[in-house]
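Asker: One structure is given below, represented as structure tokens, and several questions about it will come after.
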Amino acid sequence: MVIKFRILLDTEKNVFRDIEIEDSQTFEALHYSILDAFEWEANEMASFYASNEDWEKGDEIPLMDIQEEFGPKSLEVMNQITLSDQIKTVGHKYIYVFDFLLMWCFYVDVLEIKNPEEGAEYPQLTLTYGDVPSRTEKKPVDFSGQKDESDISDDDEEDDEAFNFDDLINN
């Protein structure tokens, strides 16, 4: 089977890509497909997190298991888990985090599960929308909790109309 994903980059501008990939491929293959689709180099750590309808992080699927050295238990990593091991239905969601210093976040949604097209090669990029920002234009995450003056503005109030990622994913 082939799984069609919509991958939405968490930025101020609407930027997403649709990727089709065989369910026998691993999460590592999806990781590289996402980076290829956004034209970013695969030179940083990354993880997928199972998610729910509210985009809350669940179980982690890391690129590498650093738990072996630092944690209480070992985790299965991206190259050990096939997509079919975890994805059985349309609507399954993941959060993909790339580069833990800059914390690029992607919302990954299963749009379709279908038979492969004869002669098609997978993975394949099937739709692009929006211009991808430079990977280095984002500021590193400040874990100290202090705001930089450039982060403070007069219009820090919430918009009346909240942005809904599900609207983009489902359209």
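Any read-out appearing in this document is the output of simple, stated calculations on the displayed coordinates, not a laboratory observation. Since the model is a prediction, treat every value here as computed from it, not as a measurement. Glycine gets a Cβ as well: all are built from the backbone with ideal geometry, and neighbour counts include every protein chain shown.
Asker: Using R₀ = 45 Å, calculate the FRET efficiency as 1/(1 + (r/R₀)^6) where r is the Cβ-Cβ separation of residue 121 and residue 56; round to 0.05. Don't skip to the end; give the middle numbers.
Answerer: On the way: r = 35 Å, r/R0 = 0.77.
The calculated FRET efficiency here is 0.80.
Asker: For a footprinting-style exposure proxy, rank 12, 112 by other Cβ within 10 Å, fewest first.
Answerer: 12, 112
Asker: Put +1 on the Cβ of every Lys and Arg and -1 on every Asp and Glu Cβ in region 1-62; which of 61, 34, 16 then has its Cα farthest towards the positive end of the dipole?
Answerer: Going by the Cα projections, it comes out as 16.
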